[in-house]
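The values are calculated or read from the model by the stated rules, or taken from the named source; none is laboratory data. What you see is a predicted model, and the numbers here were worked out from it, not measured in a lab. FYI the Cβ positions are ideal-geometry reconstructions off the backbone, even for glycines, and counts take in every protein chain you see.
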Amino acid sequence: MKKHDRPANSSARACNKPASTSFNMGFILFISLSSALGGLLFGYDLLVISGAKQFYELHFNLDSPVLQGWAVSSCIVGCIIGALGVGKAADRYGRVKLLMVSALLFFISAIGSGYAPSFHQFIAYRLLGGIGMGMASTLSPMYIAEISPARYRGRFVSLNQLTIVIGILLAQLINYQISEYHPVPQRIQEECALAADLQIKTAAQSNTEDNHYSQDLFTESQRQAILNEEILTDLPVEIVNTAELRSALRSSDPIPVSSIDLVALRKYTNQELKQTWNGTTGWRLMFAAEAIPAGLFFLLMFFVPPSPRWLTKQSRDDEAYGVLERIGGSAYATQTLKEIEATLDKEHKQLKASAVFQRPMSKILLVGIFIAVFQQWCGINVIFNYAPDIFRDAGFTVSGIMFSLVIIGLTNMAFTFVGMATIDRLGRKPLMLIGSAGLLISHLAIGWCYYSGNTGWYVVAFALLAVAVFAATLGPVAWVLISEIFPNAIRGVAMSIAVLSLWVANFILSFTFPILRDSLGPAGTFWTYAGICLVGILYIRSHIPETKGKSLEQIETELVS
């Protein structure tokens, strides 16, 4: 291997780098943010579906919980495919080239999902975008970890999580703005919310002996809207017998079941929503808007240098030295390159992909897989992906749902800054424990809200608490840990496996939520996630290492030994 002519003071070890090293923070920030645009597209693509969901389900007539789950989770299957082979490909072709490929996939998926005339084509384009997500979610944090100085690595890798939440917020803002461009008429919004609310209540409120509902079937505001003829006017009599219904409401008598066909009402209001501008055009624009940041991501990658650690693996030491020198000067470049070479020497140079399944690498891999899977099964993505269903069940209108999604996105972004500010000060492990405990409490509370019937703003408040806790802890910490615990020689393959596990877990979570909700009810579902958080706390306490302030090579030495 050709050695670069480096300064003589290069004998210092990485963990003893002089604190006076002056880093080119502007350059590091530029290349980190450019590669982290993959995270922004990941966040946008993952969450755009939550705002479009209530419209495309009507457009494609998705009545089955299985089809609804498949529509949400299909892109996750693409993520699994993308993550499956990207690690080995990244070790061969480099991180930057494959990030460019992922940008192209995002672009094609955005245009295609917005155009798709059939459900099958919609799924195909979502799968394609998912492949881009799987690639970017592996490569962006990997690249940032490999170019970041040790004492700043937590904050720089957290930029990937920040861009993910910015992408989430961007999707929610665009969804809201598009939905309000030609807003759904207020009457249709209120009737849709009423139909959804009544369908949830009927199992508890119906009386099969005398075929009557109690007056508690309607809230006071719903009762007044019906009596004032603001809603449920001019509906076919076989759906709502308005005269009979209003008479019962005025007299406070039990409401005859014959006065309102709740199943037919839900179908009727859904059909009205389907015919609105949002039901025909708006949801398509929500997907297509992603093409703009995808194009920007592709262009910026032309200005991002290859990873110095990848260059060293390719025996391109001079180029690696040049990148490191631009990051931190000649002394930093010499020291860091020596450490990289040391970890790649001897048996590490000969490691094959299969080495990740052999001790001691397999033990490290299992830790990475747990971190990735737990970040998904802690339940937060249910709140993100199925927020429209959660808020609709809580009685929100279409506009109220879209606005609530924006509030969730703003909370997510604000508390991500909290995580970035504390991750290199408090450490990775304490934040993981705090996040797990906070989500445990939030899920218990949300479950209790549904169980006791105290929904509405109570559910929103605890959902916001869950988002805030996750954004400040598990969100950024998980990506930082899985980008830094794997040894240099197998980082590409090992990270690919960990992220693959993350997406498999995400698919299972997204696909099963509608089924769990139907079988266990909302309360039982959230209590299930609370139980998973408890298991996470126990595992984190005993198995997760602390990596704060250590170079990648120092972490490798400690974990392998």
Looking only at segment 445-456, and only at residues there that are surrounded by fewer than 19 Cβ atoms within 10 Å (Cβ to Cβ) and touching a residue at least 60 places away in the same chain (Cβ under 8 Å), the one that is farthest from S158 (Cα to Cα) = Y451
Test for G379: is it buried (at least 22 other Cβ atoms within 10 Å of the Cβ) and modelled with pLDDT of 80 or more | yes
Hits in segment 90-115 (condition: among the aliphatic types (A, V, I, L, M) and free of Cβ contacts under 8 Å to residues at least 24 places away in the same chain) = I108
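Residues checked against (1) β-branched (V, I, T); (2) more than 31 Å from the chain's Cα centre (by Cα):
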site: L232; (1), (2): no, yes
site: D261; (1), (2): no, yes
site: T281; (1), (2): yes, no
site: L285; (1), (2): no, no
site: D317; (1), (2): no, yes
For segment 69-88, how many residues are more than 30 Å from D518 (Cβ to Cβ), touching a Gly at 6+ places or on another chain (Cβ under 8 Å) and surrounded by fewer than 24 Cβ atoms within 10 Å (Cβ to Cβ)?
-> 2
Any chance G26 is at pLDDT below 95, in the same structural domain as G475 (by TED's automatic domain parsing) and either farther than 28 Å from V382 by Cα or part of a helix (DSSP H, G or I) (or both) | yes
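Hey, among the residues in segment 386-416 that are hydroxyl-bearing (S, T, Y) and assigned to a helix (DSSP H, G or I), which one's surrounded by the fewest Cβ atoms within 10 Å (Cβ to Cβ)?
Within segment 386-416, the match that is surrounded by the fewest Cβ atoms within 10 Å (Cβ to Cβ) is S399.
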Residues located in segment 502-561, provided they are of a type in the set (D, E) and closer than 26 Å to A71 by Cβ | D518
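Looking at A472, A437, A463 in this structure, which one is out of contact with any strand residue (DSSP E or B) (no Cβ under 9 Å at 6 or more places or on another chain), surrounded by fewer than 24 Cβ atoms within 10 Å (Cβ to Cβ) and either in contact (Cβ under 8 Å) with a residue 24 or more places away in the chain or more than 15 Å from I369 (Cα to Cα) (or both)?
Values: A472 fails: surrounded by fewer than 24 Cβ atoms within 10 Å (Cβ to Cβ); A463 fails: surrounded by fewer than 24 Cβ atoms within 10 Å (Cβ to Cβ).
Only one candidate qualifies: A437.
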Filter segment 500-541 down to residues that are among the small types (G, A, S) and either crowded, with 22+ Cβ neighbours inside 10 Å or under 20 Å from the mean Cα position of the chain (by Cα) (or both), then give me how many there are.
-> 5
Among the candidates G475, G549, residue that is in the same structural domain as E146 (by TED's automatic domain parsing) and outside any helix (DSSP H, G or I) = G549
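Out of L41, L58, L84, L46, I need the residue that is modelled with pLDDT of 90 or more and either under 23 Å from the mean Cα position of the chain (by Cα) or part of a loop (DSSP other than H, G, I, E, B) (or both). Which one? Before you say what the answer is, go through the steps one by one.
Values: L58 fails: either under 23 Å from the mean Cα position of the chain (by Cα) or part of a loop (DSSP other than H, G, I, E, B) (or both); L84 fails: modelled with pLDDT of 90 or more; L46 fails: modelled with pLDDT of 90 or more.
So the residue among L41, L58, L84, L46 that is modelled with pLDDT of 90 or more and either under 23 Å from the mean Cα position of the chain (by Cα) or part of a loop (DSSP other than H, G, I, E, B) (or both) is L41.
R284 - would you say it is modelled with pLDDT under 95, surrounded by 16 or more Cβ atoms within 10 Å (Cβ to Cβ), in a helix (DSSP H, G or I) and of a type in the set (K, R)? Give the steps one after another, and end with the answer.
Working: modelled with pLDDT under 95: no; surrounded by 16 or more Cβ atoms within 10 Å (Cβ to Cβ): yes; in a helix (DSSP H, G or I): yes; of a type in the set (K, R): yes.
Criteria not met by R284.
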